[in-house]
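Here's the structure, in structure tokens; my notes come after.
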Amino acid sequence: MKQKAIVDRFEGEFVILEREDGKYIQIPRENAPAMAGEGMVVWYEGDQILSIDEAETARQEYDLQRRFERLLGRRNFT
């Protein structure tokens, strides 16, 4: 079954994913797209990353930037 996760980090020959339930799994780096990077939202099944969800990744980056701007006390964020 296809599931969503976030690329947490790279460790040697593995990509470490954080699942939606907060648990971590490792996928062999050879089973991941070359352009996969930390913080990207991906779809995976078994030990294979199937695709990068670019829209969801962009949305999460935007939300994170807004939170950071609020912490700094800036009100002119887009």
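In the neighborhood of residue 4, defined by Cβ-to-Cβ distances under 10 Å, what is the net charge if each Lys or Arg adds +1 and each Asp or Glu adds -1?
Cβ neighbours under 10 Å give a net charge of -1.
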Taking protein heavy atoms only, a 1.4 Å probe, and rounding to whole percent, the accessible area of the chain owed to carbon and sulfur comes out at 49
Identify which of the listed values of Kirkwood radius over Cα pairs in Å was calculated from the structure shown: (1) 13.4; (2) 18.8; (3) 12.4.
-> (1)
Kindly provide the trypsin sites (Lys or Arg not before Pro) of the range 1-64 that DSSP labels as loop, not H, G, I, E or B, and whose Cβ sees at most 13 other Cβ atoms within 10 Å.
-> 2, 23
The chain: GluC sites (Glu not before Pro) falling in loop per DSSP and having at most 11 other Cβ within 10 Å | 13, 20, 38
Ignoring ligands, DNA and RNA, how do 24, 44, 62 rank by accessible area with a 1.4 Å probe, largest first?
-> 24, 62, 44
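On average, how much accessible surface per residue is there in the chain, in Å², for a 1.4 Å probe, leaving out ligands, DNA and RNA? Spell out each step's value before the answer.
Numbers: 5670 Å² over 78 residues.
On a per-residue basis, the chain sits at 73 Å².
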If you put +1 on each Lys and Arg Cβ and -1 on each Asp and Glu Cβ, how big is the dipole of the chain around its Cα centre, in Debye rounded to 20?
-> 540
Expressed as a rounded percentage, what relative contact order does the chain have, with Cα pairs under 8 Å and six or more residues apart?
-> 24
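The values are calculated or read from the model by the stated rules, or taken from the named source; none is laboratory data. Remember, predicted model here, so these are calculated numbers, not experimental data. Heads up, the Cβs are rebuilt from the backbone with ideal geometry, glycines too, and the neighbour counts pull from every protein chain shown. Remember, those area values only see protein heavy atoms, side chains included, never the ligands or the DNA or RNA. Shrake-Rupley method; radii C 1.70, N 1.55, O 1.52, S 1.80 Å.
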